[in-house]
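Working notes for the structure below.
The values are calculated or read from the model by the stated rules, or taken from the named source; none is laboratory data. This is a predicted model, so every value here is computed, not measured. Glycine gets a Cβ as well: all are built from the backbone with ideal geometry, and neighbour counts include every protein chain shown. Protein only, heavy atoms only, side chains kept; ligands, DNA and RNA dropped before computing areas. Shrake-Rupley method; radii C 1.70, N 1.55, O 1.52, S 1.80 Å.
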Amino acid sequence: MAVSRQVHPLDKYVRVDRLPHLWCPGCGIGIVMSAMLRAIGRRISEGLVREENIVIVGGIGCTARMSLYLNFDTVHAIHGRAIPFAVGVKLANPKLKVIVVGGDGDIAGIGGNHLMHAARRNMDITVIMVNNMVYAMTGGQLAPTTPTGLYTTTTPRGNPEKPINVVKLVASLGANYVARASVTHPALIETYVYRALGKEGFTFVEVLSTCPEMFGRHIGIKDAVQLFMELRGKVKVKAKPSLNESYYDWESGFVIGEYVDKDDPGYLRMIGLLR
Amino acid sequence: MRVEYVTSNIAIAEGAMASGLRFFAGYPITPTSDILEYLAEELPKRGGVVIQLEDEIASINAVIGASWAGAKAMTATSGPGYSLMVEALSFAIITETPLVVVYVMRAGPSTGVPTRSCQYDVFQVRYGSHGNYELPVLVPWSAQEAFDLTVKAFNVSEMLRVPTVILSDAMLAHTWEKVIIRNPSELEIVNRRKPEVPPQEYMPFKPGEDLVPPMACFGDGYKVMVESLTHDERGYYSPTTEVQERMIRRLVEKVRRNSHLIVDYETYFTSSAEYMFFAYGSTARSVYALVRELRREGIRAGLYRPKTLWPFDEGGLKKVASKAKRVFVVENNVGLMYKEVARVLRDKEVISVGIIDLDVPSPDRIKEVISEWL
Ligand SMILES: Cc1ncc(C[n+]2csc(CCOP(=O)(O)OP(=O)(O)O)c2C)c(N)n1
Ligand code: SF4
């Protein structure tokens, strides 16, 4: 059967021969990907970065699968290790713009140690963490970001643990830019990624996302639109929130905005590779 | 060229720099840390980057990233660190990433005796990762050879796009010896082959006749897909038996078919040897002394010393051992490479001489064990 396809303005940044993608209907990851591509596209068209100098590094997970579809130099690395891979790329060739995309498990669970140290070093890479609050690819197990009390396949009596507040963690380590966004507000994802890509040092954007299939299903909201509206109801936008407002809790909701925006010297400058 | 009095660890660092090392990441561990320390001092002077990362997992993953960014890259560790690296090593194998790992063996299991020597890890180094693969492992017996084999390790890894390991041990690591340190212009240096086709026609995993694909790096404009999943020639995930078989067979075959470029050995008095010793690394030094002693006593002994452990050089061993009556495999473990030697020389009498010694088994101790067989 011949399928005709209209050309999308972002097609040039996508390996269209690989579509359709593997994400479920109603998944939030696509929203993040298109917002990120718009931000990258703006930087390219404004002459701020060259297309051939962009490198996208994903680990393993639904989010990290973005690397398969993006038409740049891309890496589908191993689970949790996208950040150190990116660090090696950047240090070996500082002219490359290195962007890590990963899920909350990939970045803050198994990869948490690398996240911490890259932030502490103010390493000149951008990390975009899509936080769907669950291990989606493996079927809906507990993530370090799963809010207390919620059900997953490995916490059938409700999650007894306190989740990690990744924004606060990364901010505490001295990263130059830390923002929290949400798939419910795509224009802000684009703005934050655009800004993150323009800065020296470690820049970090958390994007709250919806996984109806593996997160919604177990908390009793399997319908994609309903889950989206649920998250939307929990998100408050604030231009420059203070870190005290970064609390991470399902009941009290989430404040999105730019939590840290400063200009300390990045790692490359500290070792004399950037003057 | 210059002559210096150095340890094997420093000889390895010098060999790496002579080969064009541009990126080194590592995590401190005895008896390997001085490679990191020495390079931290020297490599930046030559335009390279050295970073101490948060662990060995980060180190090897950064080395893989650096290699894809176009740099010759290396890390160095010991048993506990190598255990942490094996997952990523498997990633380097499937993505055909050239890189060098220095593995300085220390006595285990676990934390064992960090400062002292052994040869326990000759199988772990080769089989420690998941998957079905070949992995070249070079095994020096002196500081000079540590320098020479480091140059070779980079050449092999660049030529075949395969991670390559230099397997040393705690005794060699800190033994000072005279080493001829050659300049790059005095060495044969191999660099990875670049694509000759324009980006539209390039497939990152389409091999040349030698079964090795030319390698485009990040920033070259080729939009490569570095894929840890089973992939076809484009680097696209393909979960079919057909692609899986093609990929696995090529990953293995590119090393096996080119093994003449990797394997090497040295012999002493083997042409007239009735008793042939098989020994490698630091233990071979004691065996060499013993063989000379036996010769002085009129016993026809000889030594076969592989400079490469993996791929296992069956042809070389068979040829050299053809006239020997008895073969002794002497190692500082309970008898590991013995299994390979016995397999290859199945119609000969092969005797395992496994000695556990935190230094190097002494010639006297070896002699004591083998004397009943002479
Ligand atoms: C070392 C290792 N352990 C476990 C896995 C299995 N695994 C694959 S993806 C994943 C978690 C995915 O969750 P997350 O990173 O949050 O991404 P998401 O799928 O939710 O986008 C796990 C545990 C693996 N690939 N490698
Ligand atoms: S499992 Fe969840 S995160 Fe993964 S594609 Fe489906 S909806 Fe998206």
task = Please identify which residues in the stretch A:46-87 have an amide N closer than 20 Å to a label point set 7 Å out from the Cα of residue A:7, following the Cα→Cβ vector.
result = A:46, A:51-52, A:70-72
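Which of the three applies to chain A, rounded, prolate or oblate, going by the alpha-carbon gyration tensor with a ≥ b ≥ c and a/c under 1.5 meaning rounded?
Numbers: a/c = 1.60, a/b = 1.17, b/c = 1.37.
The shape class here is oblate.
List the trypsin sites (Lys or Arg not before Pro) within the stretch A:224-264 that DSSP assigns to loop and that have no more than 13 neighbouring Cβ atoms inside 10 Å. If you can, show how the numbers build up before the last one.
On the way: sites: A:232, A:234, A:236, A:238, A:262; in loops: A:238, A:262.
Sites meeting the loop and neighbour criteria: A:238, A:262.
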key: Selection of trypsin sites (Lys or Arg not before Pro), the stretch A:184-230, meeting DSSP coil and at most 16 other Cβ within 10 Å   = A:222
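Starting from the stretch B:206-275, pick out the GluC sites (Glu not before Pro) whose DSSP state is loop and whose Cβ has at most 11 other Cβ atoms within 10 Å.
Details: sites: B:209, B:227, B:233, B:242, B:245, B:253, B:266, B:274; in loops: B:209, B:233, B:274.
Hits after loop and neighbour filter: B:209.
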note = With all protein chains in place and a 1.4 Å probe, residue B:267 shows an accessible area in Å² (nearest 10) of 60
note = Averaged over residues of A:93-100, the number of beta carbons from other chains lying within 10 Å of each residue's Cβ is 3
For the stretch A:197-217 versus the stretch B:88-142, the gap between their alpha-carbon centres in whole angstrom = 37
remark   = Order by accessible surface, 1.4 Å probe, largest leading, for residues B:189, A:221 comes to B:189, A:221
note = The farthest towards the positive end of the charge dipole of chain B, of the residues B:284, B:373, B:10, given +1 on Cβ of Lys and Arg and -1 on Cβ of Asp and Glu, is B:373
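For B:319, A:162, write out the residues from largest to smallest accessible area, computed with a 1.4 angstrom probe and no ligands counted. If you can, show how the numbers build up before the last one.
Details: B:319 140, A:162 180 Å².
In descending accessible area the options line up as A:162, B:319.
Could you tell me which of the pairs A:97/A:240; B:45/B:206; A:90/B:254; B:339/B:367; A:262/B:72 are separated by over 32 angstrom between their Cα atoms in the structure shown?
Numbers: A:97/A:240 26 Å; B:45/B:206 37 Å; A:90/B:254 30 Å; B:339/B:367 21 Å; A:262/B:72 34 Å.
Exceeds cut-off: B:45/B:206; A:262/B:72.
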message = I'd like the accessible area for residue B:373, computed on protein heavy atoms only with a 1.4 Å probe and all protein chains in place. Round to 10 Å², please.
response = 80
With DNA, RNA and ligands ignored, accessible area of residue A:245 (1.4 Å probe; Å², nearest 10) = 50
key: For residue A:71, residues with placed amide H under 5 Å, excluding near neighbours   = A:14, A:15
Residue B:339/residue B:113 FRET efficiency (R0 22 Å; Cβ-Cβ; nearest 0.05) = 0.35
query = Which angle between 0 and 90 degrees, to the nearest 10, do you get for helix B:79-94 versus the longest principal axis of chain B when only C-alpha atoms count?
reply = 50
query = If we sort A:121-130, A:40-49 on the protection proxy, mean other Cβ atoms within 10 Å, highest first, what's the order?
reply = A:121-130, A:40-49
query = Taking the simple approach of a point 7 Å from Cα along Cα-to-Cβ for both residue A:95 and residue A:157, what is their distance in nm?
reply = 6.0
query = Under the Karplus relation 6.51 cos²θ - 1.76 cosθ + 1.60, θ = phi - 60°, what is the ordered set of whole-Hz ³J(HN,Hα) values for the stretch B:46-52, x standing for Gly and Pro?
reply = 9, x, x, 10, 10, 9, 8
ask   = Taking accessible area as the heavy-atom solvent-accessible surface of the protein chains with a 1.4 Å probe, which residues of the stretch B:58-72 lose no less than 40 Å² upon going from the isolated chain to the full protein assembly?
value = B:61, B:69
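Just counting partner chain Cβ atoms within 10 Å, what average do the residues of peptide B:45-54 show around their Cβ?
Per-residue shielding by partner chains comes out at 4.
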inquiry  = I'd like the Karplus ³J(HN,Hα) series for the stretch B:357-364: coefficients 6.51, -1.76, 1.60, θ = phi - 60°, whole numbers in Hz, and an x wherever there's a Gly or Pro.
reply    = 8, 6, 9, 9, x, 7, x, 5
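Residues of the stretch B:297-374: accessible area per residue at 1.4 Å, in Å²?
Details: 3510 Å² over 78 residues.
Value for the stretch B:297-374: 45 Å² per residue.
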note = For the stretch B:285-374, shape from the Cα gyration tensor axes a ≥ b ≥ c, cut at a/c of 1.5 then a/b versus b/c, turns out oblate
note = Note: residue A:240 to residue A:264 extended length (0.36 nm per residue) minus current alpha-carbon separation gives 6.8 nm
message = Leaving out ligands, DNA and RNA, and with a 1.4 Å probe, what % of the accessible surface on chain A is carbon or sulfur?
response = 56
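What is the magnitude of the charge dipole of the protein assembly as shown about its Cα centre, with +1 placed on the Cβ of each Lys and Arg, -1 on the Cβ of each Asp and Glu, and no other charges, expressed in debye to the nearest 20?
Working: 73 positive and 70 negative charges, 141 e Å.
Dipole about the Cα centre, nearest 20: 680 debye.
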message = Excluding ligands, DNA and RNA, what is the accessible area buried between chains B and A, summed over both sides, using a 1.4 Å probe, to the nearest 100 Å²?
response = 2900
query = What shape does the protein assembly as shown take by its C-alpha gyration tensor, where a ≥ b ≥ c are the square roots of the eigenvalues and a/c under 1.5 counts as rounded, a/b above b/c as prolate, and the rest as oblate?
reply = prolate
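May I ask you to order A:90-99, B:114-123 by the average number of other C-beta atoms within 10 Å around their residues, highest value first? Walk me through the numbers on the way to the answer.
Working: A:90-99: 23.4, B:114-123: 20.8.
Output ranking for A:90-99, B:114-123: A:90-99, B:114-123.
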message = Going by amide H atoms built from the backbone, whose H comes under 5 Å of the H on residue B:266, apart from near neighbours?
response = B:305, B:307
task = Please sort B:5-11, B:126-132, B:332-338 by packing, taking for each peptide the average over its residues of neighbouring beta carbons within 10 angstrom, highest first.
result = B:5-11, B:332-338, B:126-132
key: Solvent exposure, largest accessible area first (probe 1.4 Å, DNA, RNA and ligands not counted), of B:110, A:182   = B:110, A:182
message = Could you give each residue of the stretch A:45-58 its phi-based ³J(HN,Hα) in whole Hz, using Karplus coefficients 6.51, -1.76, 1.60 with θ = phi - 60°, and x for Gly or Pro?
response = 5, 7, x, 8, 8, 8, 3, 6, 9, 8, 10, 10, 10, x
key: Dmax and Rg, reported as Rg then Dmax, of chain B (C-alpha, Å)   = 20.9, 70
ask   = What residues qualify as long-range amide H neighbours of residue A:77, i.e. H under 5 Å apart, gap of 5 or more or another chain, H built at 1.01 Å from N?
value = A:58, A:59
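On average, how many beta carbons from a partner chain sit within 10 Å of the beta carbon of a residue in A:62-75? Intermediate values should be presented prior to the final figure.
Values: counts 0, 0, 1, 2, 0, 4, 7, 0, 2, 2, 4, 14, 7, 11.
Counting Cβ atoms of other protein chains within 10 Å of each residue's Cβ and averaging gives 4.
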